[in-house]
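Chemist: Here it is: the structure, laid out below.
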Amino acid sequence: MYNGKTVLVTGGAGFVGSHLALAFKRRFPAARVIVLDNLKRRGSELNIKRLIRGGVEFLHGDVRNKEDLTGISVLDLLIECSAEPSVLAGYSTSADYVIGSNLMGAVHCLEVAKAHQAAFIFLSTSRVYPVKYLNDLSLVEKDTRFELAELQPVAGVSPAGIDHTFPLEGARSLYGATKLSAELLIQEYRDMYGLQTVINRCGVIAGPGQMGRVDQGILAFWLAAHIYEKPLSYIGFGGMGKQVRDMLHIEDLSELILTQALSLEKADGKARNAGGGREGSVSLFELTQMCEAFTGKRIPVTAVPETRPADIPLYITDNKAISDFYGWRPTRGITRLVEETAQWIYDNKEMLSPIFCAE
């Protein structure tokens, strides 16, 4: 069990890391909670004052540089949230950053955890699953979305979604490959050095505070486009907007990570899926309807039939394994996510304008 002493959150000025750091500080007021971040993601600098006000220490550093991680004298728990999170990373740019951040950064974090014998919680991704198998899923086309068919060509998938037994052989993007490689190394460090480790394969995480972009943070990006009246596109799969993702509220994720930290004696190092589930799923077409209803605005949405590299028509998380193991399940649905995220953008409209309206 986490003892409430010292926790380091890497990538801790980002959307996920900052929420987790503040959640730990609220749960353990006497603990020393430290975040490390290189502030590469635009908007992450806006979280620094909020973190400091919440009693969290901020370190400007980069997980790619192992020296940036060595100045902490005592460490009980490391939560690895740092990442280059775009599935498009490396397609039109160098692969150096995504590999350095997601793979070598994870190695440097594991070395620090080993040096302190600290517990290690890793935020992996559903993108570890190969694109080919995800594109080969049997789908039923409905009026507003794709749905999973009852019978599927591979194991690990059902109408409830995709679980951790889904096939792993095949290409998945550099983002997914680096995260899966980090998972394998975590299992080796656990076996060789006796670390307590937890691996969460997260679906789409969303909520207030996310500086969404077209390639990552889609719910906030879609809402912001309506609020600031900027055009959008349905890209791929015929340009109809029927592609589906499940959305996990950041507060539901925070509750899961706290539960895991408080039950580290159960940590078995196995990877489990964590997401919004069937109840938290939405298509882009449906999301447009929800944004229009909440904002009262309609904006042009262009159809772009061509599918981008590594894109998939549907991903819904089957949470059964993680729910059975930890007694956790998401409770904040898609409607609440849209309402809370939209309200956050409205409340900070002027401050967020340079981020969401940047060309």
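Chemist: Evaluate the charge dipole of the chain about its Cα centre and quote only its size in Debye, nearest 20, assuming +1 on the Cβ of each Lys and Arg and -1 on the Cβ of each Asp and Glu.
Modeler: Values: 38 positive and 41 negative charges, 120 e Å.
My answer is approximately 580 debye.
Chemist: Treating only the Cβ of Lys, Arg, Asp and Glu as charged (+1, +1, -1, -1), what charge dipole size does region 1-125 show about its Cα centre? Round to the nearest 20 debye.
Modeler: Details: 14 positive and 11 negative charges, 117 e Å.
That gives region 1-125 a dipole magnitude of about 560 debye.
Chemist: With all distinct Cα pairs included, what does the Kirkwood hydrodynamic radius of the chain come out to in Å, to one decimal, could you say?
Modeler: 20.6
Chemist: Further question: Let me know the whole percent of all Cα-Cα pairs from region 141-225 that are separated by more than 14 Å.
Modeler: 77
Chemist: Moving on to the next point. Projecting each Cα onto the charge dipole of region 97-163 (Lys/Arg +1, Asp/Glu -1 at the beta carbon, about the Cα centre), which of VAL140, GLY105, LEU123 comes out farthest on the positive side?
Modeler: In region 97-163, that residue is GLY105.
Chemist: Take every Cα-Cα distance within region 10-168, group them into 10 Å bins from 0 onward, and report for each bin the whole-number percent of pairs it holds.
Modeler: P(r) for region 10-168, in whole percents per bin: 10, 31, 27, 21, 11, 1.
Chemist: Is it possible to state the helix-based mean residue ellipticity at 222 nm for the chain, with each DSSP H run of 4+ residues giving -39500 (n - 2.57), the sum divided by total residues, to the nearest 500 deg cm²/dmol? What is it?
Modeler: -10000 deg cm²/dmol
Chemist: Okay, moving on. Taking only protein heavy atoms and a 1.4 Å probe, what accessible area per residue, in Å², does region 99-157 have with all protein chains in place?
Modeler: Ligands and nucleic acids excluded, the figure is 40 Å² per residue.
Chemist: Out of SER233, VAL304, PRO167, whose Cα points farthest toward the positive end of the dipole of the chain (charges: +1 Lys, Arg; -1 Asp, Glu; placed on Cβ)?
Modeler: Working it through, the farthest residue towards the positive pole turns out to be SER233.
Chemist: Could you state the accessible area per residue of region 1-80 in Å², with a 1.4 Å probe and every protein chain left in place?
Modeler: The answer is 45 Å² per residue.
Chemist: Could you tell me how many cubic angstrom of Cα convex hull volume region 229-359 has per residue?
Modeler: 144
Chemist: With +1 on each Lys and Arg Cβ and -1 on each Asp and Glu Cβ, and nothing else charged, work out how big the dipole of region 90-192 is about its Cα centre, in Debye to the nearest 20.
Modeler: Once rounded to the nearest 20, the dipole reads 220 debye.
Chemist: For region 145-281, how big is the tail of P(r) above 20 Å, as a whole percent of Cα pairs? Working shown, then result.
Modeler: Values: 5594 of 9316 pairs.
That tail contains 60 percent of the Cα-Cα pairs.
Chemist: In addition: If you roll a 1.4 Å probe over the heavy atoms of the protein chains, what accessible area per residue do you get for region 254-359, in Å²?
Modeler: 46
Chemist: In whole Å, what three semi-axes, largest first, describe the equivalent ellipsoid of region 31-88 built from its Cα gyration tensor (square root of 5 times each eigenvalue)?
Modeler: Computed over region 31-88, the values are 19, 16, 10 Å.
Chemist: Still on this structure: Taking the dipole about the Cα centre of region 182-289, with the C-beta of Lys and Arg at +1 and of Asp and Glu at -1, give me whichever of LEU248, GLY212, ALA271 is farthest to the positive side.
Modeler: In region 182-289, that residue is GLY212.
Chemist: For region 1-97, what D do you get in µm² per second when you plug the Kirkwood radius from alpha-carbon pairs into Stokes-Einstein at 37 °C and 0.692 mPa s?
Modeler: In µm²/s, the coefficient is 237.
Chemist: Sticking with this one: Could you name the lysines in cross-link range of LYS114, using Cα to Cα under 25 Å and dropping any fewer than eight places away on the same chain?
Modeler: Within the straight-line cut-off, LYS114 pairs with LYS5, LYS25, LYS66, LYS179, LYS266, LYS270.
Chemist: Turning to a different aspect of this structure: Can you figure out the FRET efficiency of GLU111 with THR259, using R₀ = 30 Å and their beta-carbon distance, to the nearest 0.05?
Modeler: About 0.65, to the nearest 0.05.
Chemist: Another question, if that's okay. Would you please give the FRET efficiency between ASP96 and PHE325, computed as 1/(1 + (r/R0)^6) with r the Cβ-Cβ distance and R0 = 41 Å, to the nearest 0.05?
Modeler: 0.65
Chemist: Separate question: Considering only protein heavy atoms and a probe of 1.4 Å, how much of the accessible area of the chain is carbon and sulfur, as a whole percent?
Modeler: 53
Chemist: May I pose another question? To the nearest Å, what is the center-to-center distance of region 214-268 and region 38-70, using C-alpha atoms only?
Modeler: Region 214-268 and region 38-70 have Cα centres separated by 22 Å.
Chemist: Note the angle between two axes, namely the Cα long axis of helix 105-116 and the longest principal axis of the Cα atoms of the chain, as a number of degrees from 0 to 90, rounded to the nearest 10.
Modeler: 30
Chemist: So which GluC sites (Glu not before Pro) in region 151-259 are both in a DSSP loop and have at most 11 other Cβ atoms within 10 Å of their Cβ?
Modeler: Sites meeting the loop and neighbour criteria: GLU169.
Chemist: Evaluate 2.2 N^0.38 Å with N set to the residue count of region 274-329, then give the Cα radius of gyration divided by it.
Modeler: Working: Rg = 15.8 Å, N = 56, 2.2 N^0.38 = 10.2 Å.
Relative to the 2.2 N^0.38 Å estimate, region 274-329 comes out at 1.56.
Chemist: Over region 105-221, what is the relative contact order in whole percent, taking alpha-carbon pairs under 8 Å and six or more residues apart?
Modeler: 32
Chemist: Also, quick follow-up: Under a Cβ-Cβ cut-off of 9 Å, what is the net charge of the residues other than THR10 that fall near it, where Lys and Arg count +1 and Asp and Glu count -1?
Modeler: Here the charged neighbours net out to -2.
Chemist: Also, I was wondering about something else. Counting only the backbone N, which residues of region 156-178 are under 11 Å from the spot 7 Å out from the Cα of ASP215 toward its beta-carbon?
Modeler: The answer is 174-175.
Chemist: What relative contact order, as a whole-number percentage, does region 239-359 give when Cα pairs under 8 Å and 6 or more residues apart are counted?
Modeler: Over region 239-359, the number comes to 40 percent.
The values are calculated or read from the model by the stated rules, or taken from the named source; none is laboratory data. Quick caveat: nothing in here was measured; it's all calculated off a predicted structure. All Cβ positions, glycine included, derive from the backbone under ideal geometry; neighbour counts span all protein chains shown. SASA here: full protein model, heavy atoms, side chains in, ligands and nucleic acids out. Shrake-Rupley method; radii C 1.70, N 1.55, O 1.52, S 1.80 Å.
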